[in-house]
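A quick write-up on the structure given underneath.
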Amino acid sequence: MIEDTKRILLVDDEEVFVEQLREALTHAHPDFEIDTVSDGIQALEKLGGGEFDIVITDMRMPRMDGLGLLKEIHSRQLSVYVVVVTAFGNVSLAVEAMRYGAYDFLEKPFNMDTLEIALAKIIRQQEILKENIELKGQIRQYGEGLDQIVGAHPRMQRIYEQIITAADTDLTVLILGETGTGKELVARSIHHRSTRRGRPFVTINCAAVPENLLESEFFGHEKGAFTGALTQRIGKFEKANTGTLFLDEIGDIPLTLQAKILRVVQDGKITRLGSNREIDLDFRVVCATNRPIQAMIREKLFREDLFYRISVFPITIPPLRERTEDIPLLVNHFILKYGKRLNPKVKGVSPAGMDQLMHYPWPGNIRELENIVQRSLVSAPGDTIEGFPFLGAALQNSAPAEALPRAAEPDLSYDAPYHELKDRILDQFEKKYLKTLLEKHHGVIAEAARESGLNYKTFYLKAEHHNLLHKRR
Ligand SMILES: Nc1ncnc2c1ncn2[C@@H]1O[C@H](COP(=O)(O)OP(=O)(O)OP(=O)(O)O)[C@@H](O)[C@H]1O
Ligand SMILES: [Mg+2]
């Protein structure tokens, strides 16, 4: 986290109070630079040089009072955060102070904890502001196609550079990263920055298409090519002609199809099923997977030659827990993105809430963060998201398989024939079992199937039967 020295100006005519406050603050933050003055006029003189980050000011003072000082700061557009302190508990004064841009309001006597909370909020706010400014600079520097990707961590800077380099070539790119790290986002940026922008960007989610349909999905078919092929169909490779084909979840392509894909990627020619005419195509391939592809090669689940062909330009996106500095930035981004629609009152997250986010391991990465922010926006009662009670809720089912919840006693009054009842119970069990595994694996069918011991196709069909598969884009 960014931890700059904070420069604080204390403004109060009560000398004893100022000294106590200075001591307490110095004790808690040895790195803070603290200066004191006894009225608004002196304060303005000091502030003119722009050397302070935060002003903590009393309300009632001789010469120029707190409100006068605030108005001056406001009209001179000085960039400091002002915390107003007053002994009088005057609410209307507080409201007025806020109107002139006071960031927070404390009633005397206050304890240090209250002040610390106010300071932490300000420091957070400043950091976000600073990060956003840096980020804007970055976007300007990197330009088009990257403006959807948020992240200032050095590893993300590296990713931006890789996107730019990859976009300037026509090489096949392999994007690796855990679920929800932004692989598709990166794939799209490469396309949008390349000379193929404005041309089709076609996605095939190899994990979401049943094995028996994949081939026709890839290459298309002629009418009557197989039972059920009632009309001609154009495959995704053909649709991607002149543009980019995004082979998402390429690790899930069945071994039997891998050789064919290799050939097509190499030669740029396809043949529709049921036809013997080769079609010449011009496409660029970008692939992505969240599977441990090297290990799959060792286990002979993924062809090594295909791997070498597609990983000419590999890009590995780090998981969110390895770049926690980006969390506040992303939270801010999603509040801006969804706040308007979901809850325009919300301005930010409390320091305690942010702390919660910073210490969570994010197995679902940015997609999970995005969901959490959306849910919290909807349910936040005030202008700040105070905490994240749902954090990890999606993980409830991440216990090892042997600890999966036992199928609850089904709700049955034993009033039907044996076989019918048995089928119903099995059906309930199956749905719950598949759902639990899918949630555990963040919807990645291949992984859920592997844990279940069922083969991919069986798992897919059963899950589909129970309506457990969400349509992906
Ligand atoms: N760096 C980022 N900045 C802003 N939003 C991001 C970033 N990375 C991901 N997202 C958002 O998170 C969500 C998931 O991203 P995306 O679909 O690209 O991930 P993925 O790696 O393809 O996930 P999966 O492996 O599950 O397919 C999307 O809504 C995307 O817009
Ligand atoms: Mg994806």
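The values are calculated or read from the model by the stated rules, or taken from the named source; none is laboratory data. What you see is a predicted model, and the numbers here were worked out from it, not measured in a lab. Positions of Cβ are backbone-derived with ideal geometry, glycine not excepted, and every protein chain shown enters the neighbour counts. These accessible areas exclude ligands, DNA and RNA; they are computed on the full protein's heavy atoms, side chains included. Shrake-Rupley method; radii C 1.70, N 1.55, O 1.52, S 1.80 Å.
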Problem - Residues being assigned to a strand (DSSP E or B) and surrounded by fewer than 20 Cβ atoms within 10 Å (Cβ to Cβ) - total across region 31-66 - result: 4
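Inspect region 215-226 for any residue being hydrophobic (A, V, I, L, M, F, W, C), away from ligand 1 (no atom under 16 Å from the Cβ) and modelled with pLDDT under 90 and give the result as yes or no.
Of all residues in region 215-226, those hydrophobic (A, V, I, L, M, F, W, C) come to 218-219, 225-226.
If we keep only those that are away from ligand 1 (no atom under 16 Å from the Cβ) too, we end up with 218-219, 225-226.
From what is left, the residues that are modelled with pLDDT under 90 are 225-226.
The answer is yes, given that some residue of region 215-226 is hydrophobic (A, V, I, L, M, F, W, C), away from ligand 1 (no atom under 16 Å from the Cβ) and modelled with pLDDT under 90.
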Exercise for the section: Give me the pairs, please: first residue somewhere in region 178-193 and more than 11 Å from ligand 2 (Cβ to nearest atom), second residue anywhere and part of a loop (DSSP other than H, G, I, E, B) and open to solvent by 10 Å² or more (accessible area, probe 1.4 Å), beta-carbon distance under 7 Å, and either six or more positions apart or on two chains. Expected result: Ser189/Gly145; Ser189/Ile149; His191/Arg197; His192/Glu144; His192/Gly145; Arg193/Glu144; Arg193/Gly145
Practice task
Return the residue satisfying two criteria in turn: it lies in region 368-387 and is within 16 Å of ligand 1 (Cβ to nearest atom) and among the charged types (D, E, K, R), and of such residues it is least open to solvent (accessible area, probe 1.4 Å).
Solution key: Glu368
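Quick check, is Thr458 assigned to a helix (DSSP H, G or I) and modelled with pLDDT under 80? Give the derivation first.
Details: assigned to a helix (DSSP H, G or I): yes; modelled with pLDDT under 80: yes.
When the stated conditions are applied, Thr458 passes them.
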Practice task
Would you be able to say whether some residue in region 229-238 is aromatic (Phe, Trp, Tyr), over 29 Å from Glu299 (Cα atoms) and either more than 16 Å from ligand 2 (Cβ to nearest atom) or modelled with pLDDT under 95 (or both)?
Solution key: no
Handout entry: Test: residue in region 242-258 that is assigned to a loop (DSSP other than H, G, I, E, B), without any contact (Cβ under 8 Å) to a residue 24 or more places away in the chain, outside the structural domain of Ala446 (by TED's automatic domain parsing) and of a type outside the set (A, V, I, L, M)
Key = no
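Test of understanding: among Ser350, Ser311, Ser376, which residue is of a type in the set (S, T, N, Q) and under 29 Å from Leu245 (Cα atoms)?
The unique qualifying residue is Ser311.
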Practice task
Scan region 1-30 residue by residue and report those that are among the acidic types (Asp, Glu) and open to solvent by less than 30 Å² (accessible area, probe 1.4 Å).
Solution key: Asp12
Exercise for the section: Determine if region 177-186 includes at least one residue that is within 16 Å of ligand 1 (Cβ to nearest atom), open to solvent by less than 40 Å² (accessible area, probe 1.4 Å) and either in the same structural domain as Ile366 (by TED's automatic domain parsing) or not in a loop (DSSP other than H, G, I, E, B) (or both). Expected result: yes
Completion exercise
Within region 101-114, the count of residues that are open to solvent by 60 Å² or more (accessible area, probe 1.4 Å) and modelled with pLDDT under 80 comes to 1
Completion exercise
Okay, strands (runs of 3 or more DSSP E) sitting entirely in region 265-367 with 3 or more residues that are open to solvent by 20 Å² or more (accessible area, probe 1.4 Å) and closer than 27 Å to Leu171 by Cβ, I get 278-280, 313-316
